[in-house]
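A short worksheet on the structure shown next.
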Amino acid sequence: MEAFLLNFMGNKKIYDFIIVGQGIAGTVFASSLLNLNKSFVVIDSIKPREMSPSRIALGVYNPLVLKWITKVWNADHQLESLFSFCNFFENHFQTKIHFKQNIYRLLESSLDINNWNAKQSSIKLSRYLSRSLNDLNFTEKKFGQVLNSGWVDVKLMLDVFLGYIQERQIFLNKKIDYKRIIFKDDLIYYDNIICRNIVFCEGCSVYHNPFFKKAKVVPTKGEAIKIHCPNLNLRSVLHTGVLIIPLKDDIYHVGSTYDPNDTSILPTKKAIDKLTNKLSVIKKFPHKIINHLAAHRPSTEDRKPILGPSVNNKNIFIFNGLGSRGILLAPYLSEQLINHIYSNKVIESEISYKRFEL
């Protein structure tokens, strides 16, 4: 082994990180490292036209749970981290990915309206809820505006970053083989790569990861559709029970469903029916379904992400369980992990991988 490692190293560069997975978590974390001038290699098996959960993600960020009109966990800090990340990404890659289009939430009844107004008076929620209700020109229904919300073009973000790491030859397009990872003297050896740390951002594939056997990731199927609706002329994100996001050329992304029981990878008629039923608010505008997408998100039973080092290997980390709020969570979690690695800051207990080891 000693002779092998000496021969292996030679004059090879030692990277700061190997990142396994180029979804939302892996791409945001790698971008954060880029901002800090840290070196990395990304490993993922990406096939043309294959749709991962990150690549079909709506990319909407929302500081509220709109069903109950309550603030999500650490919303203020998450938004701050997201805006900082988007500013860096757009400036570095000269690509617009961030659209500050506040969500308009449909208020179906007088009860909904009264509840919205009552919640708006809360000091904790006032910065996220519009004081006045809104009218839109295609319906008599009222809408409440969610402030500090919007969406990120996740697919464009992933494609731009993939092109960047391919061009610089710091991307290995293959499935990780855990058995070929070698540990020696605080360094990690994999194929022809030497690094100081590995971060696994592999979503539902964590089931096969021997370093995080106790991570309880729940694959949750989500389905979304894209529709062509030439006369709607919508410029804002709508929440009508599903999210309706204006793209370009009269195309709208609509989604998504949430089904922890369906293990199939195929799109279903059941999901189309559910999504189209929630489009009744725009029913007077003819629209056509032009695409139907399905994938399994990595969720957790307690709805909290999973972050932190392996119990046995302190330079191996997990970054997983982002569920349906991936784009809002990922920049904040990246900061947490980087601060843990370089400043020895403790990862918050409710998201730490340690909770599965207790």
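The values are calculated or read from the model by the stated rules, or taken from the named source; none is laboratory data. Since the model is a prediction, treat every value here as computed from it, not as a measurement. Cβ coordinates were reconstructed from backbone atoms using ideal geometry, including for glycine residues, and neighbour counts include every protein chain displayed.
Observations on the model:
- Residues satisfying the stated conditions in segment 238-250, i.e. under 30 Å from LEU307 (Cβ atoms) and either over 18 Å from the mean Cα position of the chain (by Cα) or surrounded by fewer than 17 Cβ atoms within 10 Å (Cβ to Cβ) (or both): HIS239
- Residues in segment 295-306 include at least one that is surrounded by 13 or more Cβ atoms within 10 Å (Cβ to Cβ) and either more than 23 Å from GLN336 (Cβ to Cβ) or out of contact with any helix residue (DSSP H, G or I) (no Cβ under 9 Å at 6 or more places or on another chain) (or both).
- A single entry from ASP302, ASP262, ASP273, ASP249 fulfils the requirement of being of a type outside the set (Val, Ile, Thr) and in a helix (DSSP H, G or I): ASP273.
- Across segment 202-235, the number of residues qualifying as surrounded by fewer than 21 Cβ atoms within 10 Å (Cβ to Cβ) and of a type in the set (Val, Ile, Thr) comes to 1.
- Among all positions in segment 184-201, there is no residue which is in the same structural domain as PHE319 (by TED's automatic domain parsing) and assigned to a helix (DSSP H, G or I).
- Condition met for VAL146 (of a type in the set (Val, Ile, Thr) and either surrounded by fewer than 18 Cβ atoms within 10 Å (Cβ to Cβ) or over 24 Å from LYS248 (Cβ atoms) (or both)): no
- Taken residue by residue, segment 344-353 has no member that is surrounded by 14 or more Cβ atoms within 10 Å (Cβ to Cβ), assigned to a helix (DSSP H, G or I) and of a type in the set (D, E, K, R).
- Members of segment 154-188 that are on the phi > 0 side of the Ramachandran plot and free of Cβ contacts under 8 Å to residues at least 60 places away in the same chain: GLN169, ASP185
- Counted residues, segment 109-138 - those being within 15 Å of ARG235 (Cα to Cα) and touching a residue at least 24 places away in the same chain (Cβ under 8 Å): 3
- Residues of segment 34-72 classified as polar (S, T, N, Q) and touching a Phe, Trp or Tyr at 6+ places or on another chain (Cβ under 8 Å), total: 2
- Number of residues in segment 130-183 that are in the same structural domain as CYS201 (by TED's automatic domain parsing), over 24 Å from the mean Cα position of the chain (by Cα), of a type in the set (A, V, I, L, M, F, W, C) and not in a strand (DSSP E or B) equals 1.
- Hits in segment 65-90 (condition: among the aromatic types (Phe, Trp, Tyr) and in contact with a Pro (Cβ under 6 Å, 6 or more places away or on another chain)): PHE85
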